[in-house]
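What follows is a single structure, written as structure tokens, with notes after it.
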Amino acid sequence: MEKDIVVQKFGGSSVANPERMKVVADRVISYKNHRQDVVVVVSAMGDTTDELIELVGQITDDPPKREMDMLMSTGEQISIAVLAMAIRTQGHAAISLTGAQVGIRTDKAHTRARIQRIETRRIKKALAAGNIVIVAGFQGVTYDDEITTLGRGGSDLTAVALAKALGAKVCEIYTDVEGIYTTDPRIERSARKIKQITFDEMLEMAALGAQVMQPRSIEVARRYNIPLHVRSSFSKEEGTMIVKETEKMEEVVVRGVTCNKNEAKITICSVPDKPGVAAKIFTEISKSGVNVDTIVQNVSHTRQTDISFTVPRGMLNQAIKSTNAIAKKIGGGEVLHDKNIARISIVGAGMRSHHGIAAKMFQVLAENKVNIEMITTSEISVSCIINQSQADQAVKALHKKFALDKVA
Ligand code: ADP
Ligand code: ASP
Ligand code: MG
């Protein structure tokens, strides 16, 4: 009879050193001893991925993406082998597999590839032979056998996609905090652990900067309704369940506050105010591979207007280049940029049925003398771009005003 499969993902801090690896090995083995088949997904040890990226920064500003993937995928390859050895040292059978060995097939978009198919044959065979199977997170392989990576935080996606492909009963995400909190506990110490959160809310929080889960992993979990348990690898406490619906879903108006300091703002001054201009600008920028987020166009009184938008900080140089080119073509003025911004957001499913929430947010920012540079809203969130130096203060004030330190 086939056993239940559990997928467990351990993030970088959970496997940062040999001691931590041994703790992970113990936990994985204890699941195995409860007659479950265990598939483990691991990230690179500690800050390895950041260090690899920094290394490249000393060589070039514009690294070829294929080679970036060759380099970044090595981090996870170290982790899987070390963990397999830690488990085997304790007398249990274990085998490590890279994304390519498993057959995690992706498209060709190096550094942010999408998973297209996962072959399960090799994993199932290894499980049937009694192994704990350890899979490298964050990586895949194209149909031409080129190694790809799935975007930062991509091991979360590997875990969720494997849980789906294998029909796992449980998907656990182990990290360095005890679950999803009302805001980043590194910024606000009174942040509270949330017992249950909906896929929609988690997706919104992740997309707006809560680094704890990769947004695309939540998209996949939502699409296939795979509940996720986010918990700490440092304790045995229950963490947060990310699920389709929660109790009292509509009652919680604001579930969390997020902060994203990884964006930059670009402004094109004096753009001719006529039909087709925005289309030209953003077609050109998207062709250069830059994802644009919030866009604001000022009201024009003079047939000219300023257009501002945000881009991921890591794409700023690329974005400035293509913006300068298109600004010239359309007869626009100077192109300015500002790295010193932050996006502060409030998120909650209850916003669908309550009003006045955005106004309350703006009021809090005003009381704290925070100037709002841009505003965007969705059904379940409100976001403001503000000066980065005031970001932490704004997060704390919003967390307090919406009584998130008091959530049961
Ligand atoms: P891992 O290496 O396990 O993938 P990450 O560093 O990607 O871990 O994510 C965990 C971190 O996310 C936490 O240390 C925490 O500081 C940060 N974080 C940001 N927002 C939140 C939140 N709302 N709840 C929990 N953690 C958060
Ligand atoms: N190691 C990769 C990163 O740091 C993937 C992950 O940790 O999820 O982004
Ligand atoms: Mg992560």
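Quick one: Cα centre-to-centre distance for region 382-408 and region 133-208, in angstrom?
The distance from the Cα centre of region 382-408 to that of region 133-208 comes to 24 Å.
If I stretch the segment between Met70 and Asn17 completely, what's the gain in nm (0.36 nm per residue apart, minus their alpha carbon distance), one decimal? Can you show the working numbers first?
Numbers: separation 53, 0.36 × 53 = 19.08 nm, distance 2.31 nm.
Contour length minus Cα-Cα distance gives 16.8 nm.
For Val135, enumerate residues with amide H under 5 Å from its amide H, sequence gap 5+ or separate chain, H modeled in the peptide plane.
Val40, Val41, Val42, Leu97
Can you check how the C-alpha radius of gyration of region 350-408 compares to 2.2 N^0.38 Å, as a plain ratio? Please report the intermediate quantities before stating the final value.
On the way: Rg = 11.6 Å, N = 59, 2.2 N^0.38 = 10.4 Å.
Rounded to two decimals, the normalised Rg is 1.12.
With N set to the number of residues, divide the alpha-carbon radius of gyration of region 185-308 by 2.2 N^0.38 Å and report two decimals.
Working: Rg = 19.9 Å, N = 124, 2.2 N^0.38 = 13.7 Å.
Working it through for region 185-308, the quotient is 1.45.
What distance in nm separates the simple spin-label points at Asp144 and Lys125, each placed 7 Å from Cα in the Cβ direction?
Here the modelled spin labels are 2.7 nm apart.
Hey, with R₀ at 25 Å, roughly what FRET efficiency would Asn298 and Ser378 work out to, going by the Cβ-Cβ distance, to 0.05?
Details: r = 22 Å, r/R0 = 0.89.
Approximately 0.65, to the nearest 0.05.
Measuring from a point 7 Å past the Cα of Ser30 along Cα-to-C-beta, which residues in region 162-197 have an amide N at less than 19 Å?
Label zone hits: 170-179.
Anything over 24 Å Cα to Cα? Flag those among Lys369/Lys396; Lys339/Lys406; Lys9/Lys169; Lys9/Lys287; Lys248/Lys401; Lys108/Lys261, in the order listed.
On the way: Lys369/Lys396 14 Å; Lys339/Lys406 34 Å; Lys9/Lys169 14 Å; Lys9/Lys287 35 Å; Lys248/Lys401 20 Å; Lys108/Lys261 29 Å.
Checking Cα-Cα distances, Lys339/Lys406; Lys9/Lys287; Lys108/Lys261 exceed 24 Å.
Run the numbers on the chain and let me know its relative contact order in percent, using alpha-carbon pairs under 8 Å that are six or more apart. Please list the in-between numbers first.
Working: 875 pairs, mean separation 55.3, N = 408.
Relative contact order for the chain comes out at 14 percent.
Please compute the Kirkwood hydrodynamic radius of region 45-106 from all pairs of different C-alpha atoms, in Å with one decimal.
Details: mean 1/r = 0.0748 Å⁻¹.
Computed over Cα pairs of region 45-106, the Kirkwood hydrodynamic radius comes out at 13.4 Å.
How many times 2.2 N^0.38 Å is the alpha carbon radius of gyration of region 66-212?
Details: Rg = 16.7 Å, N = 147, 2.2 N^0.38 = 14.7 Å.
That ratio works out to 1.14.
Report the extension gain between Gln211 and Asp107 in nm, rounded to one decimal, defined as 0.36 nm multiplied by the number of residues separating them, less their alpha carbon distance. Could the numbers behind the result be given before it?
On the way: separation 104, 0.36 × 104 = 37.44 nm, distance 2.43 nm.
Full-extension gain reported as 35.0 nm.
Only sites in a loop by DSSP and with at most 16 other Cβ atoms within 10 Å count here; which trypsin sites (Lys or Arg not before Pro) in region 136-240 make the cut?
Details: sites: Arg152, Lys164, Lys169, Arg186, Arg189, Arg192, Lys193, Lys195, Arg216, Arg222, Arg223, Arg231, Lys236; in loops: Arg152, Lys169, Arg186, Arg189, Arg192, Lys195, Lys236.
Qualifying residues, ordered by number: Lys169, Arg186, Arg189, Lys195, Lys236.
Residue by residue, what Karplus-based ³J(HN,Hα) values in Hz, rounded to whole numbers, does region 383-388 have, using 6.51, -1.76 and 1.60 with θ = phi - 60° and x for Gly and Pro?
Karplus values, whole Hz, x for Gly and Pro: 10, 10, 8, 9, 5, 4.
I'd like the Karplus ³J(HN,Hα) series for region 141-148: coefficients 6.51, -1.76, 1.60, θ = phi - 60°, whole numbers in Hz, and an x wherever there's a Gly or Pro.
Once θ is set to phi - 60°, the couplings for region 141-148 become 8, 7, 5, 9, 6, 8, 6, 10 Hz.
Quick one: accessible area per residue over the chain, 1.4 Å probe, rounded to a whole number of Å²?
Working: 19510 Å² over 408 residues.
Value for the chain: 48 Å² per residue.
From largest to smallest, what semi-axes in whole angstrom does region 1-87 give when each is the square root of 5 times an eigenvalue of its alpha carbon gyration tensor? Walk me through the intermediate numbers first.
Numbers: eigenvalues 198, 39, 13 Å².
Largest first, region 1-87 gives 31, 14, 8 Å.
At what distance in angstrom do the alpha carbon centres of region 304-356 and region 218-288 lie from each other?
After rounding, the separation between the Cα centres reads 15 Å.
Running Debye on region 197-236 with equal point scatterers at the Cα sites and no solvent, what base-10 log of I(q)/I(0) appears at q = 0.15, 0.25, 0.33 Å⁻¹?
Treating every Cα as an identical point scatterer, log10 I(q)/I(0) equals -0.35, -0.82, -1.14.
Would you work out which of Ala359, His34, Gln90 lies farthest towards the positive end of the dipole of the chain? Charges go on Cβ: Lys and Arg +1, Asp and Glu -1.
Among Ala359, His34, Gln90, the one farthest towards the positive end of the dipole of the chain is His34.
State the extension gain, in nm to one decimal, for the chain segment bounded by Arg189 and Ser235, taking 0.36 nm per residue of separation less the distance between their alpha-carbons.
Details: separation 46, 0.36 × 46 = 16.56 nm, distance 1.86 nm.
Result for the pair: 14.7 nm of gain on full extension.
If every alpha-carbon in the chain counts as one equal scatterer, what log10 I(q)/I(0) does Debye give at q = 0.10 1/Å?
-0.73
Please give the calculated 222 nm ellipticity per residue for the chain, where each DSSP H segment of at least 4 residues contributes -39500 (n - 2.57) and the sum is spread over every residue; nearest 500 deg cm²/dmol? Don't skip to the answer; put the middle values down first.
Numbers: 12 runs with 140 residues, N = 408.
Here the helix-only value at 222 nm equals -10500 deg cm²/dmol.
Size of region 141-231 along its principal axes in angstrom, Cα-based, largest extent first?
49, 26, 21
Quick one: if you stick a label point 7 Å off each Cα along the C-beta vector at Ser389 and Glu2, how many nm between them?
Placing both labels 7 Å beyond Cα along the Cβ direction yields 5.9 nm.
In Å and whole numbers, how far do the C-alpha atoms of region 282-408 stretch along each principal axis, longest first?
So the extents along the principal axes, rounded to whole Å, are 55, 34, 28.
The values are calculated or read from the model by the stated rules, or taken from the named source; none is laboratory data. Not measured: the values here are computed from a predicted model. Neighbour counts run over all protein chains shown; Cβ positions are idealised from the backbone, glycine included. The area values use the complete protein model at the heavy-atom level, side chains included, leaving out ligands, DNA and RNA. Shrake-Rupley method; radii C 1.70, N 1.55, O 1.52, S 1.80 Å.
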